[in-house]
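*Asks:* One structure is given below, represented as structure tokens, and several questions about it will come after.
The values are calculated or read from the model by the stated rules, or taken from the named source; none is laboratory data. Just so you know, these numbers come straight off a predicted model, no measurement behind them. Reconstructed Cβ throughout: ideal geometry from the backbone, glycine too, with neighbour counts over all protein chains shown.
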Amino acid sequence: MKIIAFERKKKGTSFSRNLRKIGKVPGIIYGGNKDPVKISMNHNMIYHALKKETFHSSILNLEIYGKVELVLLRNFQLHAYKKLVLHADFQRVDTEKKIHVKVPLHFINSEISPAVKLNSCIISNVISDLYISCLPKNLPKFIEINLEKMEVNTSIHLSDIKLPRGVSVIHSTEEDPTIATAIIPVNTLESDNNSSIEKEKNNNS
């Protein structure tokens, strides 16, 4: 994805407020062996880009006066109740160095799993993204989790996932966190219990 930005020399709360009034978003590019650069961008462009999943987990082409730098979106700030982007931070990317990025998980085939198809389970997606380490060229837009073999009352853990080539997970406090789990709904259990009780009554009468 491409972002058009302009370098800005001024800074401060008052100047940033004036930028927003004319439809601009203040931001900054930092990292690498270069000095930070203060920038401004078109508000509508950034606002709509932030709605796209790939904008948050992809290498972006940020252009300033015809010169393109590879960057990652690292932080952004939204207004508490207005549809307004207040600020955006971008980090330069070195193609020869590993980056640490959160990438989304895409869950597929839950509807054909034995847990859902045969037992009417609900599959709960416990984790929606993973914090990974990889070279920029190996950065996946998402990681796919295939649920087609899930059985009733089972779970998928991090150790069960086949990661893309060149990608490793930066572990959280849990050694092998649960990614998804298949659970029988409470109302289904209650219905089954009531049916069993009713059947037992009929047999005893």
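*Asks:* In this structure, is residue 52 loosely packed, with under 13 Cβ neighbours inside 10 Å and either in the same structural domain as residue 144 (by TED's automatic domain parsing) or over 30 Å from residue 18 (Cβ atoms) (or both)?
*Replies:* no
*Asks:* Do we find that residue 29 is modelled with pLDDT under 95 and either assigned to a strand (DSSP E or B) or touching an Asp or Glu at 6+ places or on another chain (Cβ under 6 Å) (or both) in this structure? So that I can check it myself, show each step before the final result.
*Replies:* Numbers: modelled with pLDDT under 95: no; either assigned to a strand (DSSP E or B) or touching an Asp or Glu at 6+ places or on another chain (Cβ under 6 Å) (or both): yes.
So residue 29 fails the test.
*Asks:* Quick one: would you say residue 170 is outside the structural domain of residue 53 (by TED's automatic domain parsing), in contact with a Phe, Trp or Tyr (Cβ under 6 Å, 6 or more places away or on another chain), at pLDDT 70 or above and exposed (fewer than 15 other Cβ atoms within 10 Å of the Cβ)?
*Replies:* Answer is yes for this residue.
*Asks:* Ok, one more. Right, residue 76: part of a strand (DSSP E or B) and in the same structural domain as residue 161 (by TED's automatic domain parsing) or not?
*Replies:* So residue 76 does not fit the description; no.
*Asks:* Please determine whether any residue of the range 26-40 is surrounded by fewer than 14 Cβ atoms within 10 Å (Cβ to Cβ), farther than 22 Å from residue 136 by Cα and not assigned by TED's automatic domain parsing to the domain that holds residue 131. Working first, answer last.
*Replies:* Of all residues in the range 26-40, those surrounded by fewer than 14 Cβ atoms within 10 Å (Cβ to Cβ) come to 33-36.
Going one step further and asking which of them are farther than 22 Å from residue 136 by Cα, we end up with none.
No: the range 26-40 contains no residue that is surrounded by fewer than 14 Cβ atoms within 10 Å (Cβ to Cβ), farther than 22 Å from residue 136 by Cα and not assigned by TED's automatic domain parsing to the domain that holds residue 131.
*Asks:* Before we move on, is residue 124 at pLDDT 95 or above and part of a strand (DSSP E or B)?
*Replies:* no
*Asks:* Then there's this: Which of the residues spanning the range 33-66 are assigned to a loop (DSSP other than H, G, I, E, B) and touching a helix residue (DSSP H, G or I) at 6+ places or on another chain (Cβ under 8 Å)?
*Replies:* Those that are assigned to a loop (DSSP other than H, G, I, E, B) and touching a helix residue (DSSP H, G or I) at 6+ places or on another chain (Cβ under 8 Å): 50, 59.
*Asks:* Could I ask something else about it? Within the range 101-118, does at least one residue satisfy the condition of being farther than 22 Å from residue 155 by Cα and buried (at least 19 other Cβ atoms within 10 Å of the Cβ)?
*Replies:* Looking through the range 101-118, at least one residue is farther than 22 Å from residue 155 by Cα and buried (at least 19 other Cβ atoms within 10 Å of the Cβ).
*Asks:* Now for a different question. When residues of the range 147-159 are filtered for being exposed (fewer than 15 other Cβ atoms within 10 Å of the Cβ) and in a helix (DSSP H, G or I), how many remain?
*Replies:* 1
*Asks:* Further question on the same structure: Scan (1) in a loop (DSSP other than H, G, I, E, B); (2) surrounded by 13 or more Cβ atoms within 10 Å (Cβ to Cβ) for the single condition residue 96 breaks and write down its number.
*Replies:* (2)
*Asks:* Sticking with this one: Going through 158, 163, 118, 105 one at a time, which residue ends up being touching a residue at least 40 places away in the same chain (Cβ under 8 Å), out of contact with any Cys (no Cβ under 7 Å at 6 or more places or on another chain) and farther than 30 Å from residue 35 by Cβ?
*Replies:* 105
*Asks:* Residue by residue through the range 86-98, note down the ones that are modelled with pLDDT of 95 or more and β-branched (Val, Ile, Thr).
*Replies:* The one that is modelled with pLDDT of 95 or more and β-branched (Val, Ile, Thr): 93.
*Asks:* If we scan the range 79-92, do we find a residue that is assigned to a loop (DSSP other than H, G, I, E, B), in the same structural domain as residue 182 (by TED's automatic domain parsing) and surrounded by 13 or more Cβ atoms within 10 Å (Cβ to Cβ)?
*Replies:* no
*Asks:* For the range 127-146, enumerate the residues that are closer than 14 Å to residue 99 by Cα, assigned to a strand (DSSP E or B) and hydrophobic (A, V, I, L, M, F, W, C).
*Replies:* Scanning the range 127-146 gives 130, 132, 134.
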